[in-house]
Amino acid sequence: PPSRSPYDRLRRLRRSWGALLTQALHDDGASRLARSILLGDRAAVARDSEQAFRATGTTHVLVASGMNVMLLAGVLAWTFSRLGAPRPAVRTALLVLTVAYAVVAGAESPIVRAAVVLAAWILAEAVGRPADPLNLLGLAALLLLALDPDSLMDPAFQLSFAAVASLVLLTPALLGRRMSRDEEPSVRERLLEGSRRILAANAAAWIGTAPLVLFHFGTLAPVALAANLIVAPLVWLVLTSALALLAWQALPVATPAPLAFAVALPARALEAFVRACAEVPGGCLSLPKPSSWGVLAWYSCIAAGAAVSRRKGRWWLAAGMALGAAALSG
């Protein structure tokens, strides 16, 4: 007989959501990509499409990740605040729904990490304690390793935590110190600052994950630095429209064609863009795999460079990266 445990029920819910997306879209390629992004169903993506994502360093979008959790939490928090729900009820709902979604989406390392970090942040806010990003990240790592110590050697685990740690540590170092201003910044200045932060975060994530990708797969994708700037907003469009499409399925009315089109269009654009990037000459390089000691030396050097650069400027981060690259290639 079918199992009635909560975990198995959530897995069946995942399959039913995937079937709803396939039925509503009437587009095999778009529905496969939407199922992978929203539900973490990476097996749904065609093999040639997955190879294109791998060659461009964008395979992280094919699994449910922290972006999904943050988006879900933001939508729920906004909805509850509009309904006038009390703060404790909002926190409880966010905790329950975040954990449930993490299980439905496959409970892979990236989304479990994000769910644990969000849950710890909510609890810290509830008791009035500061929530340090690195402490929250360490808590998530300890919890995952306590449940499965072997996950430490899993590339998905390593890449997930390396990416977030790099965002926390390297993004401020890449941005550098800013002069304090008394007057209100203009719209142009805000746009420039936002663009600068996006570029710094993208570079930080690539710097933090490229050595591990090279170590595990023997490839280095410089094209990912540019590709992720376009891939990220397209993934956000697929994710939000697919969530809206699933929510509409709960209503006793037919799914409007524009809503299905809002999922299919960015999904098609995403796949076409990634395939085009995969054809860029030199976009993905096959290089000798470094030693584990070389990878450790890389992270030690850039961590030291980032720490010193907070006081003495970004050139120290550049020096740390140069030393790390020498250790990685040696």
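Some observations on this one:
- Look at the alpha carbon pairs under 8 Å that are at least 6 residues apart: their mean separation over the length of the chain gives a relative contact order of 21 percent.
- Förster radius 22 Å - calculated FRET efficiency between TRP315 and GLU193 (Cβ-Cβ, nearest 0.05): 0.50
- Positive-end residue, the chain charge dipole about Cα centroid, Cβ charges, pick of PRO130, ALA165, LEU21: PRO130
- HIS26/LEU97 FRET efficiency (R0 51 Å; Cβ-Cβ; nearest 0.05): 0.95
- Exposed loop sites, defined as trypsin sites (Lys or Arg not before Pro) outside DSSP H, G, I, E and B with at most 12 other Cβ atoms within 10 Å, are absent from the longest region of the chain, namely 5-176.
- For segment 166-324, the relative contact order is 31 percent, taking Cα pairs closer than 8 Å that sit 6 or more residues apart in sequence and dividing their mean separation by the residue count.
- Calculated [θ] (222 nm, deg cm²/dmol) that DSSP helices of n ≥ 4 give over the chain, each run adding -39,500 (n - 2.57): -25500 deg cm²/dmol
- Whole-Hz couplings from phi, Karplus 6.51/-1.76/1.60, listed for segment 64-74; x for Gly and Pro: 5, 9, x, 4, 4, 5, 5, 5, 4, 5, x
- Residues whose placed amide H lies under 5 Å from that of GLY57, excluding near-sequence neighbours: none
- For segment 106-256: rounded, prolate or oblate by the Cα gyration tensor [a/c cutoff 1.5]: rounded
- Segment 93-170 shape via C-alpha gyration tensor axes, a/c threshold 1.5: oblate
- Between 0 and 90°, nearest 10: helix 257-278 axis offset from the chain longest Cα axis: 30 degrees
- Area projected by the alpha carbon convex hull of segment 1-109, averaged over all directions, nm²: 8.9 nm²
- Against the chain, whose longest principal axis is taken from its Cα atoms, helix 109-126 shows a tilt of about 90°.
- In this Cβ point-charge picture (+1 for Lys and Arg, -1 for Asp and Glu), the chain has a dipole of about 440 debye about its Cα centre.
- Formal net charge of residues neighbouring ALA105 (Cβ-Cβ distance under 13 Å; K, R +1; D, E -1): +4
- Using alpha-carbon coordinates, inclination of helix 28-39 to the longest axis of the chain, degrees: 70 degrees
- Sites LEU13 and ARG268 - FRET efficiency at Förster radius 35 Å, r taken between beta-carbons, to 0.05: 0.85
- Extending 7 Å from the Cα toward the beta-carbon at both THR255 and ASP132 defines two label points whose distance is 4.6 nm.
- Once the mean of 1/r is taken over each pair of separate Cα atoms and inverted, the chain shows a Kirkwood hydrodynamic radius of 21.5 Å.
- Segment ALA326-TRP121, extension gain: residue separation times 0.36 nm, minus the distance between their alpha carbons: 70.0 nm
- Legend: residues HIS216, HIS60, sorted from most to least accessible area (1.4 Å probe; ligands, DNA and RNA excluded), read HIS60, HIS216.
- Cα gyration tensor, segment 171-318 - rounded (a/c under 1.5), prolate or oblate: oblate
- Over segment 211-293, the reciprocal of the mean inverse Cα-Cα separation, the Kirkwood hydrodynamic radius, stands at 15.2 Å.
The values are calculated or read from the model by the stated rules, or taken from the named source; none is laboratory data. The structure displayed is predicted, hence computed values, not measured ones. Virtual Cβ from ideal backbone geometry, glycine too; neighbours counted across all protein chains shown. The accessibility values were calculated without ligands, DNA or RNA, using every heavy atom of the protein model including side chains. Shrake-Rupley method; radii C 1.70, N 1.55, O 1.52, S 1.80 Å.
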